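The values are calculated or read from the model by the stated rules, or taken from the named source; none is laboratory data. Given the structure is predicted, the values throughout are model-derived calculations rather than measurements. Heads up, the Cβs are rebuilt from the backbone with ideal geometry, glycines too, and the neighbour counts pull from every protein chain shown. Ligands, DNA and RNA are stripped out before the accessible areas are found, and what is left, the full protein with its side chains, is counted by its heavy atoms. Shrake-Rupley method; radii C 1.70, N 1.55, O 1.52, S 1.80 Å.
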Amino acid sequence: MPDIERYRVPVEKLRWRCDPLSFDFDCTDELTPLREFVGQDRAIQALEFGLMVDKPGYNIFVTGLTGTGRASAIKAHLETIIAEKTKKKRGLGPDDWCYVLNFTDPDRPHILQLPKGKGKALRGHLEELLDQLRGEIAKAFSSEEHEARRKEIGEESQVQNRQLYHGLETEAHEGGFALQPSPVGLLLVPLIENHPASQEEFLALDQKVRKSIETKRVGLMKRMESTLQTVQTLEKETAGKLRDLDKALAERVIAGPFGDIAAKYKGFPQVVQYLDDTRAHTLDNIGLFREQEPQATPIPGAPITRERDPFLAFKVNVFVDNHDAHGPPIIIETNPTWGNMFGKIERRPHLGAYFTDHTMLKAGSMSLANGGYLVLNARDVLTNTGVWEGLKRVVKNKELRLEDPFEQMGFMVPQGLKPQAIPTDVKVVIIGDQSLYQLLSVYDEDTWEIFKVKADFDYQIGRTKDNLLAYAAFICGCCRTEGLTHFDRSAVARVAEHGARLVADQEKLSARFGQIKDLIIEADYWSKKDARGRVYGEHVQRALEAKDFRSSLLADRIRELIAEGTLMVDVDGAAPGQVNGLAVHDMGDFSFGRPSRITARTFMGRAGVINIERESQLSGRTHDKGVLILSGYLGSKFAQDKPLSLSASLCFEQSYDGIDGDSASSTELYATLSSLADVPLRQDTAVTGSVNQKGEVQPIGGVNQKIEGFFDVCQAKGSTGKQGVLIPHQNVKNLMLRDDVVEAVSQGRFHIYAVQSIDQGIEVLSGVEAGEKNGGDSYPPGTINYLVDRRLRELAEGLKGFSAPEAGAKK
C-alpha cells in the first residue's frame with residue numbers, strides 16, 4: 001500500500017490567517033486615510049511620464065481591471081499636474097474660442113481665438129454695440145435736420161421732374177395730342193376739336209388724316225421716351241444723393257461706437273478685421289437700423305419666426321468659454337457620442353425647412369478639453385459609430401472640424417455649415433482592458449502611434465506589512481468619505497484575508513479596491529444592525545456570507561439535483577474508469593465549483609483516445625488540447641516496445657453545455673489508466689489539475705471554489721469522513737478556503753491532497769502503488785503501471801491476431 005499521507009496538505013497551509021494583533025492600532029479611526037496608490041508603481045510611473053511629455057503621439061492608454069484605481073489615479077495626477085502648471089503660469093487658463101459670421105461666405109463661419117474671458121466680453125460688447133447703433137442711428141435719421149435735407153433733395157428732384165413733364169405736355173399739345181396716364185404708362189391721345197378723341201372718333205377720321213396723326217405720334221413717342229429716360233436718370237441720382245446722405249450720416253454715427261470697441265481689441269488682428277467687416281456690413285444695410293423690429297409673415301396659430309436673424313453679423317457664438325478656468329481643463333466624457341465628442345450643428349425649423357447659422361454651433365468634449373486633458377472609456381468610444389476614427393483624425397491632424405456625422409455616412413443633410421477648423425491640442429487618456437488594447441494594436445496600426453504610452457494597472461499587490469497598513473488606511477478613508485462606522489482591527493484583518501482570497505494567493509492582496517469598498521459598505525450595514533459602534537470581524541464575515549447567499553441560487557439548485565440523484569455524482573465507494581472531476585461556473589460576480597462524473601472506457605481498436613465532447617461539438621480548443629496530451633503521455637510511457645493499439649472514449653457525464661479548459665486532463669488520464677488496469681478509483685475524492693506529456697501535474701485556476709463545491713456536495717449527500725480533493729502541488733499557495741472547510745480538515749472529516757505527478761495521484765485514488773521501472777524494462781508486478789502496460793500489450797497482440805491472414809488462405 002502506498003503512503004498517501006505524504007501527499008496530505010497540512011491544515012496551516014489551507015489559508016492565510018491575518019493576525020489582528022499584528023496591527024499597532026485598535027480601530028481605523030486612529031489612522032490617516034490612504035492618499036497614495038498602493039502597489040501600482042509601474043502604472044503610476046507610466047502615467048506620470050505620459051502626462052508630462054508634451055510631444056505628438058504621447059497620449060495614454062490605461063489598462064487594467066475595473067476597480068484597480070485607474071480612474072482615481074488619472075484624476076489625482078491630472079489635478080497635481082494642473083496645479084503645477086497653474087502655479088507656473090500664474091493662473092492663466094486656456095483660451096476662449098468664438099465663431100462669428102463670415103461675410104464673404106456665411107456658410108463657412110470664422111473662428112476667433114481669444115484669451116480666457118475675452119470671448120464672453122466680446123459677445124457683450126457686440127450686444128451693447130448693436131443696442132447703441134439701433135438707438136443712435138434711428139435717432140439720427142429721425143432728426144429734423146436730416147429729414148429737412150432729405151426733403152430738400154426730394155423737392156429738387158420733383159421740381160426737375162415737373163419741368164420735364166410740363167415741357168413734354170406742352171410739346172404734345174402743340175402737336176395735337178394730350179398726355180394721359182394709364183396702367184402701362186403715359187399715352188399720347190389725339191385732340192379733335194380740342195378734346196381727346198375716343199377710339200371710335202379716331203377711326204371715323206379720313207385715312208390720310210389718321211396716317212398724318214400716326215406720323216406725328218411716332219415723333220412725339222421718341223421725345224416722350226427720351227424725357228422718361230431723363231426722369232429715371234434724375235430719380236437714380238436723387239436716390240444716390242439720399243444714400244450718400246444716409247451713409248455719410250451713418251458713418252458719423254457709427255464711427256465712435258466702432259472705434260471704441262476696436263481700441264479695446266487692437267492687439268487682436270482677427271477681432272479688428274471682424275469689426276471692420278461688421279462696420280462695412282452695417283453701412284451697406286443701414287436700412288435695418290432705421291426700421292422698427294423686422295416683421296415676418298405670420299402663420300395662423302404658429303409663433304412668429306424668421307429664416308435668418310437680420311442682425312446675425314453682431315452675434316458672437318462663444319463656442320468654448322473658459323472665463324472661469326484657472327488652468328488646463330480636465331474633461332471626463334462618459335457618453336462619447338459623435339455630438340458629445342466633436343460638437344453639433346443645430347438647426348431651426350422654418351416653414352417646413354431647416355436652417356442654421358454660426359450661433360447654433362455647439363462645442364463637444366474635444367473642444368472643451370482644448371489645451372488640457374480628455375479622459376475616455378475605450379469601450380464607449382468604440383461602440384459609438386465613427387467616434388474612434390474621428391478621435392484619431394483630430395489627434396493626428398491637431399485640428400477639429402465641426403461636421404455632421406450623417407453626411408459622412410452618405411445621407412442628405414439640410415443646409416449644412418462648414419465652420420473653420422479649430423487648432424486642437426488635447427492630451428487624450430483612454431481607459432480600457434488589456435485585451436482591447438492588444439486587439440487595437442494588432443488590427444489598427446494608428447493605435448500605438450497615437451497612444452505611445454501604456455499604463456497597466458495590476459489587479460494584485462504583494463502581501464507586505466506596508467500594504468496591509470495601506471488596506472487599513474483605505475478602510476479608514478472609506479469610513480470617513482462615506483460616513484461609515486469605523487473598523488476594529490479584527491475586521492481589518494478579515495478584509496485583508498478576503499483580499500487574498502480574491503486573487504487566490506496567500507502571498508498577494510487584491511488591488512481591486514472597488515470590490516473592497518463594496519465589502520466595507522456591506523459590513524457597515526450589518527454592524528449598524530447590531531448597534532455595536534464598530535465593525536468587527538464577525539460583521540465582515542456576515543457580509544461575505546450574505547453576498548454569497550444572494551448570488552448562490554444556481555449553485556444551490558445544482559447541489560440539490562446532485563443530492564437527490566438527478567445529477568449522478570458518487571461521493572463514496574470505488575469504481576474503475578470513473579472519477580469525479582471539478583469545474584468552476586463563473587457567473588460574473590459569483591463563481592462556484594461543481595463536481596462532474598468523468599468516465600473512460602477502453603477497448604481494442606486503432607482510434608486512439610476519443611473525446612466524446614469534441615465529437616459532439618461541446619468541447620473548446622483548450623479542452624481538446626488536454627485530451628490530445630493524454631495520447632502523448634500513454635505513447636511515451638507504454639508504447640516504446642509495442643504499438644499503442646487501443647480505442648478509448650472519454651466523457652463528461654450529464655454535460656449538455658460547452659466545456660473548455662484543461663483542468664480536467666489529469667482526471668481523464670486517471671480514469672483511462674483505471675479502465676486499462678481494471679483497478680477501481682475512490683469516488684470520495686474529486687480531482688482537478690492539468691497534465692503534460694511527461695505526466696507532471698500542472699496548476700489550475702479556481703482551486704478554492706472547486707474544493708468548496710465538492711465539500712458542499714459531500715455535506716449534502718452525507719459526509720463519511722473520508723472524502724477529499726486531489727489538487728496540483730503548485731496550487732497549495734492559492735488556497736484561501738472557507739472556515740468551515742478548514743475546520744472539517746482539521747477534524748479529519750475532509751482531506752486535501754497535493755501531488756506532483758500522475759503516478760502520485762493514481763496512488764492516492766487507487767490505493768495501489770504506481771510502480772517504476774527497475775533495472776529492466778518492466779514495472780513491478782501488481783502495480784498500476786504494470787497492469788496498464790500488460791493490458792496495452794494484450795490489446796496490441798489481439799489486434800495483430802485479427803489483422804493476420806486466415807489460416808490456409810492462398811497468397
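For every residue, the table says whether it meets (1) in contact with a Gly (Cβ under 9 Å, 6 or more places away or on another chain); (2) modelled with pLDDT under 95.
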site: 698; (1), (2): yes, yes
site: 733; (1), (2): no, no
site: 736; (1), (2): no, no
site: 771; (1), (2): yes, yes
site: 779; (1), (2): yes, yes
site: 806; (1), (2): no, yes
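From the set of residues in the stretch 741-771 that are among the polar types (S, T, N, Q) and under 48 Å from the mean Cα position of the chain (by Cα), which is most open to solvent (accessible area, probe 1.4 Å)? So that I can check it myself, show each step before the final result.
In the first step, residues of the stretch 741-771 are kept if they are among the polar types (S, T, N, Q); the result is 746-747, 756-757, 760, 766.
From the residues that got through so far, the ones that are under 48 Å from the mean Cα position of the chain (by Cα) too are 756-757.
Numbers: 756: 101, 757: 30 Å².
Top of the filtered list is 756.
Quick grid of which residues meet (1) at positive phi; (2) among the basic types (Lys, Arg); (3) open to solvent by 60 Å² or more (accessible area, probe 1.4 Å):
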residue	(1), (2), (3)
542	no, yes, yes
546	no, no, no
559	no, yes, yes
564	no, no, yes
573	yes, no, no
582	no, no, no
631	no, no, no
641	no, no, yes
646	no, no, no
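Going through the stretch 693-720 one residue at a time, which ones are touching a Phe, Trp or Tyr at 6+ places or on another chain (Cβ under 8 Å), over 16 Å from residue 501 (Cα atoms) and open to solvent by 20 Å² or more (accessible area, probe 1.4 Å)? Step through it out loud before you land on a result.
So in the stretch 693-720, the residues touching a Phe, Trp or Tyr at 6+ places or on another chain (Cβ under 8 Å) come out as 693-695, 705, 708-709, 711, 714, 719.
After this cut, where a residue has to be over 16 Å from residue 501 (Cα atoms) as well, the list is 693-695, 711, 714, 719.
Across the stretch 693-720, the qualifying residues are 693, 694, 719.
For the subset of the stretch 1-29 comprising residues that are touching a residue at least 24 places away in the same chain (Cβ under 8 Å), within 17 Å of residue 703 (Cα to Cα) and not charged (D, E, K, R), which member is surrounded by the fewest Cβ atoms within 10 Å (Cβ to Cβ)?
11
Which residues, taken from the stretch 518-537, are touching a residue at least 40 places away in the same chain (Cβ under 8 Å) and in a helix (DSSP H, G or I)?
Once the filter is applied, which keeps residues that are touching a residue at least 40 places away in the same chain (Cβ under 8 Å) and in a helix (DSSP H, G or I), the stretch 518-537 yields 520, 521, 524, 527, 528, 537.
Please pick out the residue among 594, 550 that is surrounded by 15 or more Cβ atoms within 10 Å (Cβ to Cβ) and at pLDDT 90 or above.
Step by step, each of 594, 550 is checked, and only 594 is surrounded by 15 or more Cβ atoms within 10 Å (Cβ to Cβ) and at pLDDT 90 or above.
(1) in a loop (DSSP other than H, G, I, E, B); (2) surrounded by 15 or more Cβ atoms within 10 Å (Cβ to Cβ); (3) aliphatic (A, V, I, L, M): which one isn't true of residue 568, the others all being true?
Unmet condition: (2).
When the residues of the stretch 30-49 are narrowed to those that are surrounded by 18 or more Cβ atoms within 10 Å (Cβ to Cβ) and of a type outside the set (A, V, I, L, M), which ends up farthest from residue 503 (Cα to Cα)?
37
Those residues that are at pLDDT 90 or above and hydrophobic (A, V, I, L, M, F, W, C), I need them from the stretch 79-101; list them, please.
97, 98, 100, 101
I'm trying to understand the selection: among the residues of the stretch 656-679, which are farther than 17 Å from residue 760 by Cβ, modelled with pLDDT of 90 or more and of a type in the set (S, T, N, Q)?
Listed by number, the list holds a single entry, 675.
Do we have residue 417 as at pLDDT below 90, crowded, with 17+ Cβ neighbours inside 10 Å and in contact with a strand residue (DSSP E or B) (Cβ under 6 Å, 6 or more places away or on another chain) here?
Spelling it out, residue 417 is indeed at pLDDT below 90, crowded, with 17+ Cβ neighbours inside 10 Å and in contact with a strand residue (DSSP E or B) (Cβ under 6 Å, 6 or more places away or on another chain).
Which residues, taken from the stretch 603-628, are closer than 22 Å to residue 692 by Cα, open to solvent by 60 Å² or more (accessible area, probe 1.4 Å), among the hydrophobic types (A, V, I, L, M, F, W, C) and modelled with pLDDT of 75 or more?
628
Exactly one of these conditions fails for residue 738: (1) open to solvent by less than 20 Å² (accessible area, probe 1.4 Å); (2) in contact with an Asp or Glu (Cβ under 9 Å, 6 or more places away or on another chain). Give me its number.
(1)
For residues that are in a helix (DSSP H, G or I) and open to solvent by 30 Å² or more (accessible area, probe 1.4 Å), tally how many sit in the stretch 133-154. Full working, then the answer.
We begin by selecting, within the stretch 133-154, every residue in a helix (DSSP H, G or I); these are 133-141, 144-154.
When the remaining residues are screened for being open to solvent by 30 Å² or more (accessible area, probe 1.4 Å), the result is 134-136, 138-139, 144-145, 147-152.
Qualifying residue count for the region: 13.
Return a yes/no flag: does the stretch 314-327 have any residue that is modelled with pLDDT of 90 or more, part of a loop (DSSP other than H, G, I, E, B) and closer than 19 Å to residue 348 by Cβ.
yes
Out of all the residues in the stretch 510-534, which are at pLDDT 95 or above and either among the hydrophobic types (A, V, I, L, M, F, W, C) or more than 17 Å from residue 482 (Cβ to Cβ) (or both)?
Answer for the stretch 510-534, where residues must be at pLDDT 95 or above and either among the hydrophobic types (A, V, I, L, M, F, W, C) or more than 17 Å from residue 482 (Cβ to Cβ) (or both): 519, 520, 521, 523, 526.
Looking only at the stretch 197-213, which residues are modelled with pLDDT of 75 or more and buried (at least 16 other Cβ atoms within 10 Å of the Cβ)?
Within the stretch 197-213, just 213 meets the criteria.
Output the residues belonging to the stretch 94-124 that are open to solvent by less than 40 Å² (accessible area, probe 1.4 Å) and either assigned to a helix (DSSP H, G or I) or of a type in the set (A, V, I, L, M, F, W, C) (or both).
Quick first cut of the stretch 94-124, residues open to solvent by less than 40 Å² (accessible area, probe 1.4 Å) only: 94, 96-102, 109, 111-112, 114, 117, 119, 121-122, 124.
Once the filter is applied, which keeps residues that are open to solvent by less than 40 Å² (accessible area, probe 1.4 Å) and either assigned to a helix (DSSP H, G or I) or of a type in the set (A, V, I, L, M, F, W, C) (or both), the stretch 94-124 yields 97, 98, 100, 101, 111, 112, 114, 119, 121, 122, 124.
Has the stretch 155-166 got at least one residue that is outside any helix (DSSP H, G or I), more than 60 Å from the chain's Cα centre (by Cα) and loosely packed, with under 12 Cβ neighbours inside 10 Å?
Looking for residues that are outside any helix (DSSP H, G or I), more than 60 Å from the chain's Cα centre (by Cα) and loosely packed, with under 12 Cβ neighbours inside 10 Å, one finds none in the stretch 155-166, hence no.
Anything in the stretch 318-367 that is open to solvent by 70 Å² or more (accessible area, probe 1.4 Å), under 28 Å from residue 59 (Cα atoms) and not hydroxyl-bearing (Ser, Thr, Tyr)? List them, or say none.
The answer is 323, 324, 326, 332, 335, 344, 362.
Within the stretch 539-557, work out how many residues are within 17 Å of residue 501 (Cα to Cα) and without any contact (Cβ under 8 Å) to a residue 24 or more places away in the chain.
Residues that pass the stated criteria total 2.
Taking residue 130, is it modelled with pLDDT under 95 and surrounded by 20 or more Cβ atoms within 10 Å (Cβ to Cβ)?
no
Within the stretch 462-495, restricting attention to residues that are under 12 Å from residue 534 (Cα atoms) and not in a helix (DSSP H, G or I), which residue is least open to solvent (accessible area, probe 1.4 Å)?
Among those that are under 12 Å from residue 534 (Cα atoms) and not in a helix (DSSP H, G or I), it is 487.
Residue 711: among the aromatic types (Phe, Trp, Tyr), within 46 Å of the chain's Cα centre (by Cα), under 23 Å from residue 597 (Cβ atoms) and modelled with pLDDT of 95 or more, yes or no?
yes
Taking the stretch 442-461 on its own, how many of its residues are among the polar types (S, T, N, Q) and exposed (fewer than 15 other Cβ atoms within 10 Å of the Cβ)?
Adding up the residues that qualify gives 0.
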